[in-house]
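First up is the structure itself, then whatever we jot down about it.
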Amino acid sequence: MTDLIRLSANDLSGLLADRSISSVEATTAHLDHIDAVDGDVHAFLHVARDAALQTAADIDARRASGEPLGPLAGVPIAIKDVLATKDMPSTSGSKILEGWIPPYDATVVARLRAADLVPLGKTNMDEFAMGSSTEHSAYGPTRNPWDLERIPGGSGGGSAAAVSAFEAPLALGSDTGGSIRQPAAVTGSVGVKPTYGGVSRYGAIALASSLDQVGPVSRSVLDAAMLHDVIGGHDPLDSTSLTDAWPSMTQAARAGFEDGALKGVRVGVVKELNGSGFQPGVKQRFDETLALLEGAGAEIIEVSAPNFEYAVAAYYLILPAEASSNLARFDSVRFGIRVNPEDGPLTSERVMAATREAGFGPEVKRRIILGTYALSAGYYDAYYGSAQKVRTLIQRDFDAAFAQADVLVSPAAPTTAFKFGEKLDDPMAMYLNDITTIPANLAGVPGLGLPMGLAPEDGLPVGLQVMAPARADARLYTFGAAVEQLLESTWGHTMLSQAPVLAPNEMFASEEGVV
């Protein structure tokens, strides 16, 4: 039973399809492991044990009756708490939504259920997805399974930690400036931000509507592709949803396993995303990975994106501005908690103020204030308007880079996981954790994060980021799967071949290279 938690979603799906195991067995194994380790990891805010087992039993019965089921039917999955679920609390990591159960499912959740995956529960996150460490959750931090004294990234640290700690083979996350890819980088997992509009945002509690994107978290590129095929595609309930006919991401990932998949691929190394401020071990693993790619026949090209220098500044004007607008709906009247003022008249304005004071955390308040200021009369053009112009320049930089290269690569995060409290009191230092991932959100292009070994100085995971042109998500999966296979054949094992929360990770570390 314990071995079931170590299987990939693809392997689980094969065993379920031929009835070598049941969904109840697979689900029970993961729920029991959650019981065993999540007291230390705290990846989950809510575990739906009874509902998950009932769903699994129903799937087993339908399979036994001969009903045709989807490829991932019966496979357990964790869901980031930013996504609305009609049978589980949806708090977005905030006290202001404590205990709130939506009357509907997010589209991606509805698609999971329709494809017969088994929701295990809701994962922890930075409040309203504002953070890079999951330290800003109103319900306490999630811990990194590789080192429980370190952060798991953010805002989707709960989903990444659940997958990394073998509590779930798959998870859903959301990525506004790197909240899928950066946690994947520091937990040794795989995370994908699809093309903006490629996956529905309907039912995702909004942070910044022009930046947010839902995507998969997994332990392999193929698993992520299989989940992407379930959740992707046009949704008429989302006004920003693309109407494209998307190719199979699963087939694209499998193409990456073919011999010569990397031969002739033009790999652009973004000069501005590989400079000062990067941890030496991160740069070392990145350079080693580039050398392996070149040895496999890829063409390594340095490209310049000069306006990426301003991406963080532009992002932290656009995001707070949109957040200040989106979070205005939490007014103590329609849903969520309500706090009455301790004294004075009971007016709607004073109730709203008391509710927001009690319900919002410090980081949320900081960004609302920043965003409201940036949108205020007299400052709109100077701040928000200027940031949008920079965004256009960044999109043009991507266009120029993709004219030279098929994919762009960089480290997925400038450092490995840092210790709790290390950057909590320095917002600027925290914001710079997303320096490599933010440009993709500003431009709407897809990005994938996958492990490329451990940093020699601390033995912690290092992530590679791969970016492709908008709508070229399939290219991302083909290249990502090929790179993953190349690295694993070099190491002689998969990155997560042992559960880091239970076993030492010395076997991964090497001064000489990505062993």
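The values are calculated or read from the model by the stated rules, or taken from the named source; none is laboratory data. These numbers come from a predicted model, not from an experiment. Backbone-built Cβ (ideal geometry, glycine too); neighbour counts: all protein chains shown.
The table below lists the values:
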quantity	calculated
Candidates 40, 35, 60 - the one that is of a type in the set (Asp, Glu), touching a Ser or Thr at 6+ places or on another chain (Cβ under 7 Å) and in a helix (DSSP H, G or I)	60
Identity of the residue in segment 6-24, part of a helix (DSSP H, G or I) and either at pLDDT below 95 or not hydrophobic (A, V, I, L, M, F, W, C) (or both), that ends up surrounded by the most Cβ atoms within 10 Å (Cβ to Cβ)	23
In segment 371-420, residue farthest from residue 450 (Cα to Cα) [restricted to those that are in contact with a helix residue (DSSP H, G or I) (Cβ under 7 Å, 6 or more places away or on another chain) and of a type in the set (Val, Ile, Thr)]	372
Counted residues, segment 31-77 - those being of a type in the set (A, V, I, L, M, F, W, C), over 19 Å from residue 166 (Cβ atoms) and in contact with a helix residue (DSSP H, G or I) (Cβ under 8 Å, 6 or more places away or on another chain)	4
Those helices (runs of 4 or more DSSP H) lying entirely in segment 214-309 with at least 3 residues surrounded by fewer than 19 Cβ atoms within 10 Å (Cβ to Cβ), at pLDDT 95 or above and not hydrophobic (A, V, I, L, M, F, W, C)	280-295
Meets criteria (in the same structural domain as residue 59 (by TED's automatic domain parsing), in contact with a Lys or Arg (Cβ under 9 Å, 6 or more places away or on another chain) and surrounded by fewer than 24 Cβ atoms within 10 Å (Cβ to Cβ)) for residue 101	yes
Condition check for residue 342: outside any loop (DSSP other than H, G, I, E, B) and surrounded by fewer than 16 Cβ atoms within 10 Å (Cβ to Cβ)	no
Yes/no for residue 459 being in contact with a strand residue (DSSP E or B) (Cβ under 8 Å, 6 or more places away or on another chain) and either modelled with pLDDT of 95 or more or closer than 21 Å to residue 160 by Cα (or both)	no
Residue pairs meeting the criteria (Cβ under 6 Å; at least 6 apart or on separate chains; first basic (Lys, Arg), in segment 82-93; second surrounded by fewer than 24 Cβ atoms within 10 Å (Cβ to Cβ))	86/102; 86/104; 86/105
Residues within segment 203-219 that are in contact with a strand residue (DSSP E or B) (Cβ under 6 Å, 6 or more places away or on another chain) and within 20 Å of residue 250 (Cβ to Cβ), tallied	6
Residue 169 vs. criteria at pLDDT 95 or above and within 18 Å of residue 446 (Cα to Cα)	no
Residue list for segment 435-471, restricted to those being over 18 Å from the mean Cα position of the chain (by Cα) and either free of Cβ contacts under 8 Å to residues at least 60 places away in the same chain or at positive phi (or both)	453, 459, 471
Single residue of 440, 470, 474 found to be assigned to a helix (DSSP H, G or I) and in contact with a Gly (Cβ under 7 Å, 6 or more places away or on another chain)	440
Checking residue 323 against (1) among the small types (Gly, Ala, Ser); (2) farther than 15 Å from residue 436 by Cβ; (3) assigned by TED's automatic domain parsing to the domain that holds residue 462, the condition it does not meet	(3)
Among (1) without any contact (Cβ under 8 Å) to a residue 24 or more places away in the chain; (2) under 26 Å from residue 187 (Cα atoms), the one test that residue 340 misses	(2)
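Matching residues to (1) surrounded by 19 or more Cβ atoms within 10 Å (Cβ to Cβ); (2) in contact (Cβ under 8 Å) with a residue 60 or more places away in the chain; (3) not assigned by TED's automatic domain parsing to the domain that holds residue 193:
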{"position": "350", "(1), (2), (3)": "no, no, yes"}
{"position": "359", "(1), (2), (3)": "yes, yes, yes"}
{"position": "367", "(1), (2), (3)": "yes, yes, yes"}
{"position": "370", "(1), (2), (3)": "yes, no, yes"}
{"position": "374", "(1), (2), (3)": "yes, no, yes"}
{"position": "382", "(1), (2), (3)": "no, no, yes"}
{"position": "398", "(1), (2), (3)": "yes, yes, no"}
{"position": "403", "(1), (2), (3)": "no, no, no"}
{"position": "414", "(1), (2), (3)": "yes, yes, no"}
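Residues checked against (1) assigned to a helix (DSSP H, G or I); (2) modelled with pLDDT under 95:
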{"site": "349", "(1), (2)": "yes, yes"}
{"site": "353", "(1), (2)": "yes, yes"}
{"site": "391", "(1), (2)": "yes, no"}
{"site": "400", "(1), (2)": "yes, no"}
{"site": "414", "(1), (2)": "no, no"}
{"site": "422", "(1), (2)": "no, yes"}
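Condition check ((1) among the charged types (D, E, K, R); (2) crowded, with 16+ Cβ neighbours inside 10 Å; (3) modelled with pLDDT of 95 or more) across all residues:
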position	(1), (2), (3)
3	yes, no, no
26	no, yes, yes
34	no, yes, yes
50	yes, no, yes
78	no, yes, yes
87	yes, no, yes
